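Heads up: the structure comes next, in C-alpha cells.
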There are 2 protein chains.
Amino acid sequence: MRALDLIIKKRDGESLSPEEINYLINSYNRGLIPDYQMAALLMAVYFQGLNASETNALTAALAESGEVLDFTSLEKIVSDKHSSGGVGDKITLVMAPLVAAAGVPVAKISGRGLGFTGGTIDKLESIPGFSAELSVEQFMALVKENDIAIMAQTERLTPADGKLYTLRDVTGTVENISLIAASIMCKKIAAGANAILLDVKTGRGAFMQSKEDALNLAEIMVRIGKDMGRRIVSVVTDMNQPLGYAVGNALEIKEAVETLSGEGPADVERLSIILGGYMLALAGKVRNAEEGQEELLKLLKKGVGLQKFKQMVASQGGNIDYLEDPSLFPRAKFLVEVHAPREGYLREIDAMRFGKVAVLLGGGRYYKGDEIDPSVGVVLKHKVGDKVKQGDTLACIHGNDEKIVGVAHKDLVHAFTVGDEQVEPSPLVYGVVPPFPC
Amino acid sequence: MRALDLIIKKRDGESLSPEEINYLINSYNRGLIPDYQMAALLMAVYFQGLNASETNALTAALAESGEVLDFTSLEKIVSDKHSSGGVGDKITLVMAPLVAAAGVPVAKISGRGLGFTGGTIDKLESIPGFSAELSVEQFMALVKENDIAIMAQTERLTPADGKLYTLRDVTGTVENISLIAASIMCKKIAAGANAILLDVKTGRGAFMQSKEDALNLAEIMVRIGKDMGRRIVSVVTDMNQPLGYAVGNALEIKEAVETLSGEGPADVERLSIILGGYMLALAGKVRNAEEGQEELLKLLKKGVGLQKFKQMVASQGGNIDYLEDPSLFPRAKFLVEVHAPREGYLREIDAMRFGKVAVLLGGGRYYKGDEIDPSVGVVLKHKVGDKVKQGDTLACIHGNDEKIVGVAHKDLVHAFTVGDEQVEPSPLVYGVVPPFPC
C-alpha cells in the first residue's frame, strides 16, 4: 500500500477499505506517512466525504492508536457523557453525580476548553487542589470506588487523533462532519464506557449552528457507536442563549452546586435531569427515560447528587470547603453591569458573544496551554422571554483587567435583543437519536 | 496574511489575489510555509481550480522565485519551444537547428525525461562528450554566438516550481490543468525567450489523452504567455502512435540526423517544418507560417539545418564524428523482432506502450536520477495505415538484458492492432491556438 495511491483514490471519489484506512492512520501515527501526504488526504476527504464504513474504520483506527480502557471487570454498565461544546454548559457537573448516585458508574474523560466554549476540566480546576491529571489506573480505580471520576484527556489514549486534529487545525480541514464525528467517537470508544450519551448543541453558541447539521452529526455518531457495539443515544439541544446564568469557571461551579442543591436555574436542572434520564434508561437502570428523570429528581431533592459531587471532588484532591461555602472562591476585582437599553421583552441573548467575552476576560484559551483565570466571567440576570425595564441589569461582568472589562461591556451591550412582543425561549431539546426508547 | 486563511479561502471556492498567491509561493520557497499547508492548498486547488488571474499570478510568482534570463542585449526575437511530452518526439532536434539556421535564435532550457516520455537532453547526452549542464552565462553566450543552445533545467531558475512539483508528485495534485500550465509557463517565462512555441501532445501516448484537455491546456498557456507580454502560439498535435520510427535515445539522435539530411520519416520532417514555420512567423522572420515552412524546407534541403545541429553539438562538447557516422553509436546486445500476427492494415500503434517499454529497457527513468542506457529502445518498421503480411517485422527491440527484452517483446505484441480495412493515420496537427496568424 502507498499513501499516494490512497490519496488519489479518495480524491477521485472512491471509498477506502478498512484495511486502507487502518494502514493510513497506523503509519501516520508512527511517522511513516508525512504530514504533507496526510494534509492532502484530509483535504480530499473534505471534498469527497467519508461513507459509513470509512468513518467507522477511521474511528476504530484512531481509538486503537493508543490504550483502550476496559471496564468489564466492574461487571456493570459504565456510562460516559459528551457535549459538543456550549456556553455556560455545566450539565456534566450536575448530571454525572446524579447518575452516579443512581448507581450507574460515570467514567468521563474530558478535553480542555478551546475557543469560545468552556471545558468541564477547566471549571473543576477552579476548585483549589482539584486535579484531573489522573493516570489511567487512578481513573479506573476511582470509577470502581466512587462510581464517578473525571480525567483530563491523556496522550496514552488516541494519540493519532491528537496528531490528526493538530494537522486539521492548520490545514483548513476541521469542518468535515465525518472527521468531526470520528474524532469525538474515537475518544469515547477508547475511554471504555458501554453506555454513551452525546449532547450535540445547536444554535448561535454552538459549533453546529444549524439544527440539520447537528442532527446529521448526531446520527453519524450514533451509527458509529452502534456499529462498535455500544449503547448510545444522542440528544440535540439548544445553545442559542447560554445555559443557566453563569458563564466562567468558578462562577459555573457555584451554579452547579446551587443546582445540585435544588436552587439552580430551571434550564440547567431540567436539561441535567432529561439527559440523565436517558442515561439511566440506556444503562438499563430504569425502564424508560421518564422513569429515569423521576428517579434523578428524587435524588436531587434528597441532596445525594451534591454528596456524590463532593465525594468526587474530594477524591481528586479538591478542597470541598469551597463547595460548602462558595463565597470562598476568589472574586474578580471589577464588577460591571450591562443595562437594558429600553423596556420590553428579551428576545435573544447571543451565546457566542458570551463565550468570546469569557475568553477575552481570561476565562478561556486562545491557544492550547494558555493560563485560565477561574474568577472571571459573566453572570446573566435575565433570560430570553423575561420582561425588562429600561436600565434593568441584564448581566454582570466579572473581570480583573479594567480595560478588558470595558471592551467586554461594549461587546455585551450588543449581545441582547429587546423587543415589544413577548417570545418563548427556544426549546431545550430538539431531537433524540435514535428515537428513544431504542 | 496567514496560510491557513488562504487555504480556507480557496477551499471555500473564493479566488486568491495576486498578492496572496505571491505571498504563498514566496513564503513556501523560503521555507516559511510548511509542506503540509501547501499540500492542503494544492488539494483545494485541485477541487476548486484557479481562474485566469490566479494562474497568471502563480506563473509569475514561480518564474520570479529564481533567476530570470534577459536576452534584450541581443536585440533580436529569441525563440523557445516546448513539448508537453511524447514518445519518439525528436522534433526539437530537427526544428531548433532549422529555425536557428533561418536566423531566429533558439534558447531552449529543457527538463530530463521522466515517466514514459523521453527528454531532449537525455537524447543529446547519448552523443559522447555532449553536455547540457551549462551555466546561465555559458548558455546565453552560446545563444549569442551560434543562435542556438540547449541547457538542462537548473535550480537557479524557478526553484519554487521544482519544490512545488516535487510536493504535487507525492500528494496526488499533479493533475490540475492550471497547475500544469503554470509549471510549464513559469519555466518558459524565466528562460527569457520572447517567442514561445508550445507543442501540446494529445492521444494515447500523451499526458493529455483527450483533444479537449489538450486544447484547454493550450489555451490556458497561450493566455498566460500573452498576459505576460510574450509572442506565443500553441499547436495541438497527435501522439497516438510514436513520432517517426525510433524510440530510444541514440536511436532518436540517428533519426534526427537522417531527417536533417532529408532522409527521415515523413511525419518527423513534416511536423518539424510545420512547427518551425509557426516559429519563424511568430518571430516576425516571415509574413506567415506557410512562408516559414517553405523557407525551412529550403534550408533542410541545403543541409544547413544539419550543419547548425553539428555546430550546437560541437559547441556543447559533443563528438560530431557520431553524427557523421551514426554506426559509431554503441549498439544494444540483443535485437529482437516483433512480427505481424496476421495479414491486414496497421490500425493502431500504442505509443504509451512504446514509451513504457523504452523505460523498461533502460532508456528512461522510473525515478529522478536513474541512469540512462543510450543504446536501447525500439525501432518501428511500419506505421499506422501500412499494409502488412503475417510474419512481417513490425518493430525491432534493442536491449541489453535478455530477460527484459523478452518482457518487452511480450508487451509490444499487444501494442499493434491489425485490421482488415485500410485506415488513415491520425492527422499530425489538431489545432492551433490562437488561430494563426494571430
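The values are calculated or read from the model by the stated rules, or taken from the named source; none is laboratory data. Because the structure is predicted, anything quoted here is derived from the model rather than measured. Virtual Cβ from ideal backbone geometry, glycine too; neighbours counted across all protein chains shown.
Inside the stretch B:322-354, can you point out the residues that are in contact with a helix residue (DSSP H, G or I) (Cβ under 6 Å, 6 or more places away or on another chain), part of a helix (DSSP H, G or I) and surrounded by fewer than 21 Cβ atoms within 10 Å (Cβ to Cβ)?
B:P326, B:L328
Suppose we keep only residues that are surrounded by fewer than 22 Cβ atoms within 10 Å (Cβ to Cβ) and part of a loop (DSSP other than H, G, I, E, B) within the stretch A:43-69. Which one would you say is nearest to the other protein chains (Cβ to nearest Cβ)?
Checking each candidate, the answer is A:G49.
Which residues, taken from the stretch B:16-42, are over 16 Å from B:D161 (Cβ atoms) and in a loop (DSSP other than H, G, I, E, B)?
B:L16, B:S17, B:L32, B:P34
Among (1) more than 18 Å from A:A181 (Cα to Cα); (2) within 14 Å of chain B (Cβ to nearest Cβ); (3) of a type in the set (S, T, Y), which single condition is A:S79 missing?
It fails just one condition, (2).
Filter the stretch A:265-296 down to residues that are within 18 Å of A:G86 (Cα to Cα), touching a helix residue (DSSP H, G or I) at 6+ places or on another chain (Cβ under 8 Å) and either not assigned by TED's automatic domain parsing to the domain that holds A:L198 or not polar (S, T, N, Q) (or both), then give me how many there are.
8
For B:G344, are the conditions met, namely being farther than 30 Å from B:K389 by Cβ and not β-branched (V, I, T)?
No; evaluated as a whole, the condition is false for this residue.
Among the helices (runs of 4 or more DSSP H) confined wholly to the stretch B:104-192, which include 2 or more residues that are at pLDDT below 95 and within 14 Å of another protein chain (Cβ to nearest Cβ)?
B:159-171
Here's the yes/no breakdown for (1) modelled with pLDDT of 95 or more; (2) among the polar types (S, T, N, Q):
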site: B:I397; (1), (2): yes, no
site: B:D401; (1), (2): yes, no
site: B:G406; (1), (2): yes, no
site: B:T417; (1), (2): yes, yes
site: B:V423; (1), (2): no, no
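Return the residues of the stretch B:187-212 that are surrounded by fewer than 24 Cβ atoms within 10 Å (Cβ to Cβ) and either more than 24 Å from B:A63 (Cβ to Cβ) or within 12 Å of the chain's Cα centre (by Cα) (or both); say none if nothing qualifies.
Passing the criteria: B:G203, B:R204, B:F207, B:Q209, B:S210, B:K211, B:E212.
Of the residues in the stretch A:1-34, how many are crowded, with 22+ Cβ neighbours inside 10 Å and either farther than 21 Å from A:V174 by Cβ or within 11 Å of another protein chain (Cβ to nearest Cβ) (or both)?
Of the residues in that region, 5 qualify.
State whether the residues of the stretch A:281-304 include one that is among the hydrophobic types (A, V, I, L, M, F, W, C), surrounded by 23 or more Cβ atoms within 10 Å (Cβ to Cβ) and not in a helix (DSSP H, G or I).
Yes, the stretch A:281-304 contains a residue that is among the hydrophobic types (A, V, I, L, M, F, W, C), surrounded by 23 or more Cβ atoms within 10 Å (Cβ to Cβ) and not in a helix (DSSP H, G or I).
Can you find even one residue in the stretch B:214-223 that is more than 14 Å from chain A (Cβ to nearest Cβ), touching a Gly at 6+ places or on another chain (Cβ under 7 Å) and either touching a residue at least 24 places away in the same chain (Cβ under 8 Å) or in a helix (DSSP H, G or I) (or both)?
yes
Quick one: what pairs do we get from the stretch B:10-31, first residue touching a residue at least 12 places away in the same chain (Cβ under 8 Å), second surrounded by fewer than 16 Cβ atoms within 10 Å (Cβ to Cβ) and not in a helix (DSSP H, G or I), C-beta under 7 Å, 6+ apart or different chains?
B:S15/B:N51; B:E20/B:M1; B:Y23/B:M1
Look at A:L98 and say whether it is out of contact with any strand residue (DSSP E or B) (no Cβ under 8 Å at 6 or more places or on another chain), farther than 22 Å from A:M239 by Cβ and in a helix (DSSP H, G or I).
On the way: out of contact with any strand residue (DSSP E or B) (no Cβ under 8 Å at 6 or more places or on another chain): yes; farther than 22 Å from A:M239 by Cβ: no; in a helix (DSSP H, G or I): yes.
Taking the combined requirement at face value, the residue does not satisfy it.
Checking the condition of a type in the set (D, E, K, R), outside any helix (DSSP H, G or I) and in contact (Cβ under 8 Å) with a residue 40 or more places away in the chain, which residue from B:K81, B:K76 passes?
B:K81
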